[in-house]
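Novice: Attaching a single structure in structure tokens format; questions to follow.
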């Protein structure tokens, strides 16, 4: 029986005979594939609509499951995101974080003009354009941050760019915009030409160069900007890469602000912000560039420091103000300690957005209508630490107060060391590095104003309460003793305590204490000064013992209630004594005397009667050879003394308050206003003293001793024990 012929080829599907897909293949194409290949022919019905529906249904069902799964995933907070970004470690990347100096420039028709800058706080060019404003806390519109975040997501973000010149950087940015469709190809050359214009800074605007800078010929302005025409233009120094060993003098047209360079932190890098409006754009265009290494880019920056970041925000006609607010938002972000570190470490755009989200979480919003945006907020005396923002919300709430309290205690020395005089030793070590500068800085103008004011602030209560102590202690302690004690204790306290600007002297509680001690000694028959010496000796011994065991560390457990009570008591005593002294002047020198014993009588052998001369005052009586009779004739007139004292009293207070607030007035340069404000109290005292001298009215003066000797003539300077 003849065996059937085995056919290796699979039978063809009759339905596929009409379209033979293999008829154009040759035998060589199938060589080597037949031996282990199985061909299956399946009859497929003409209708496929049901299969497509089922496929769409399954895709829709899978998308629903995926969305449900994403909803069930925990949402990562911005704080956790920046913890991951700042905590990451990549050995292949360079994450050296430097201080950032931000500078914003605006497109001004033919050049880029500087309008704002940031070191830590914002400085703006004043409306006249002649000078910079004082550093102040930036006040921004919240909408600008939201718009900046949206534009960054849609814009071009280039990280770790390697380039040698500013022109290459701009070419790379424009190519990226063209590739992603955010910039039409026909506008590429216009944008490059606009970005490569000269950058002129505020310090370069002088009387000599206020004329319009010649950047291009008028033919270039009116024609389309092509590559050949851009080569004929005057190149901006931004296109030149200045190496580290070259000086800025190589750029003949650019002058660096060397004076401002002193304020830039060492090792700082620049963040250049270019904003403005152009007529060839229909929608905003944003680009953010981070260079792999800092690069000197000529006149792009006001000071000769390398540029690390470049931010560009351009809009269509009418968007100038909006673009400037977006640029200010970016400048404030880069001056933030947390965000600028994220900007150095970010690996993609999501990291920058996470940094913005965290920044917005920490922002304080002021409601409209309750605050004037034109008012500039002065920088705080001490900038709070931002480390708490790097922690997760759960742990920060638990450890924030405890760690902050411990840090403050450690900085102030309120932690027990466990050894004798350990706290005193730590105080000496901590203060040794600042001891010299404490006295050297005292030569600055603000410190001079302070210690001249403290001279009056210390001298006045010493003499005032010295007179009161003289009455309370039987002249054992009077103005001279108070002056000597204030002199000796003040110098010793300033030299060894590290607080040379503390007011020392007698106050209300001291006066009450000395009165009680003196009365007690009088009742017991003891010598007052001897008993007072032993009180001081025992106080010194107790304080030395407390210093040895670091008892001052217990102060951290005491609230400020006692201190504020004593401060309030002293303040009320000073106010009360000031008003009381003025009222005592009215009592001792009344305006109108109820009984006036002084009569002018005519001279002897005169035809005038006593009644004729009685109506004359003292001066007219003496001129007409009259005679003054009575006990009040030898006293000076007192009707003007109290009124003059009131003028001096209120004049000193009003002048000092007005001059103190002069620093916020629009008059005079800022440095003059600052000096007048610092010396306000001294100017008020001197002006009123000169007025009193000119008027020559015998107002009461402080009873200052004229000789250096004890008030009581029966004793010497040494106190018997």
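The values are calculated or read from the model by the stated rules, or taken from the named source; none is laboratory data. Fair warning: this is a prediction, and the values are worked out from it, not measured in the lab. Cβ: placed from backbone, ideal geometry, glycine included. Neighbour counts: every protein chain shown.
Novice: Take the range 165-174 and flag every residue that is touching a residue at least 12 places away in the same chain (Cβ under 8 Å) and more than 18 Å from residue 151 (Cβ to Cβ).
Specialist: Of everything in the range 165-174, those that are touching a residue at least 12 places away in the same chain (Cβ under 8 Å) and more than 18 Å from residue 151 (Cβ to Cβ) turn out to be 165, 166, 167, 169, 170, 171, 172.
Novice: Further question: Would you confirm whether any residue within the range 130-150 is touching a strand residue (DSSP E or B) at 6+ places or on another chain (Cβ under 6 Å) and part of a helix (DSSP H, G or I)?
Specialist: no
Novice: Across the range 548-565, what is the total count of residues that are assigned to a helix (DSSP H, G or I) and within 37 Å of the chain's Cα centre (by Cα)?
Specialist: Qualifying residue count, the range 548-565: 12.
Novice: In the range 566-579, what residues are surrounded by 11 or more Cβ atoms within 10 Å (Cβ to Cβ) and within 33 Å of the chain's Cα centre (by Cα)?
Specialist: 566, 567, 570, 571
Novice: Moving to a separate point now. Assess whether residue 255 counts as being in a loop (DSSP other than H, G, I, E, B), within 33 Å of the chain's Cα centre (by Cα) and modelled with pLDDT under 80.
Specialist: yes
Novice: Condition first: free of Cβ contacts under 8 Å to residues at least 24 places away in the same chain and under 26 Å from residue 552 (Cβ atoms). Can you find one or more residues in the range 469-485 that meet it?
Specialist: yes
Novice: Listed residues 415, 353, 349; which is over 24 Å from the mean Cα position of the chain (by Cα), within 30 Å of residue 554 (Cβ to Cβ) and at pLDDT 70 or above?
Specialist: The unique qualifying residue is 415.
Novice: For residues that are surrounded by 15 or more Cβ atoms within 10 Å (Cβ to Cβ) and modelled with pLDDT under 90, tally how many sit in the range 100-111.
Specialist: 3
Let's see how each residue does on (1) in contact with a helix residue (DSSP H, G or I) (Cβ under 8 Å, 6 or more places away or on another chain); (2) outside any strand (DSSP E or B); (3) closer than 20 Å to residue 333 by Cα:
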position	(1), (2), (3)
260	yes, yes, no
266	no, yes, no
270	yes, no, yes
273	yes, no, yes
276	yes, no, yes
281	yes, yes, no
287	yes, no, yes
290	yes, no, yes
294	no, no, yes
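Novice: Restricting to the range 685-702, give me the number of residues that are assigned to a helix (DSSP H, G or I), in contact with a helix residue (DSSP H, G or I) (Cβ under 8 Å, 6 or more places away or on another chain) and closer than 18 Å to residue 582 by Cα.
Specialist: Result for the range 685-702: 4.
Novice: Quick check on the range 695-715: of everything there that is surrounded by 12 or more Cβ atoms within 10 Å (Cβ to Cβ) and more than 19 Å from residue 468 (Cα to Cα), which residue is modelled with the lowest pLDDT?
Specialist: Going through the qualifying residues, I end up with 715.
Novice: Let me ask something additional. Can you confirm whether the range 644-663 contains a residue that is outside any helix (DSSP H, G or I) and at pLDDT below 85?
Specialist: Within the range 644-663 (the criterion being outside any helix (DSSP H, G or I) and at pLDDT below 85), the answer is no, since none of the residues qualifies.
Novice: Condition (residue is more than 29 Å from residue 680 (Cα to Cα) and either in the same structural domain as residue 497 (by TED's automatic domain parsing) or in contact with a helix residue (DSSP H, G or I) (Cβ under 9 Å, 6 or more places away or on another chain) (or both)) applied to the range 437-458: is it met by at least one residue?
Specialist: Scanning the range 437-458, I find no residue that is more than 29 Å from residue 680 (Cα to Cα) and either in the same structural domain as residue 497 (by TED's automatic domain parsing) or in contact with a helix residue (DSSP H, G or I) (Cβ under 9 Å, 6 or more places away or on another chain) (or both), so the answer is no.
Novice: Would you say residue 465 is touching a residue at least 40 places away in the same chain (Cβ under 8 Å) and in contact with a helix residue (DSSP H, G or I) (Cβ under 8 Å, 6 or more places away or on another chain)?
Specialist: Yes: the conditions hold for residue 465.
Novice: When residue 604 is evaluated against the numbered criteria (1) outside any helix (DSSP H, G or I); (2) at pLDDT 75 or above; (3) farther than 19 Å from residue 698 by Cα, which criterion, by number, is the only one it fails?
Specialist: It fails just one condition, (2).
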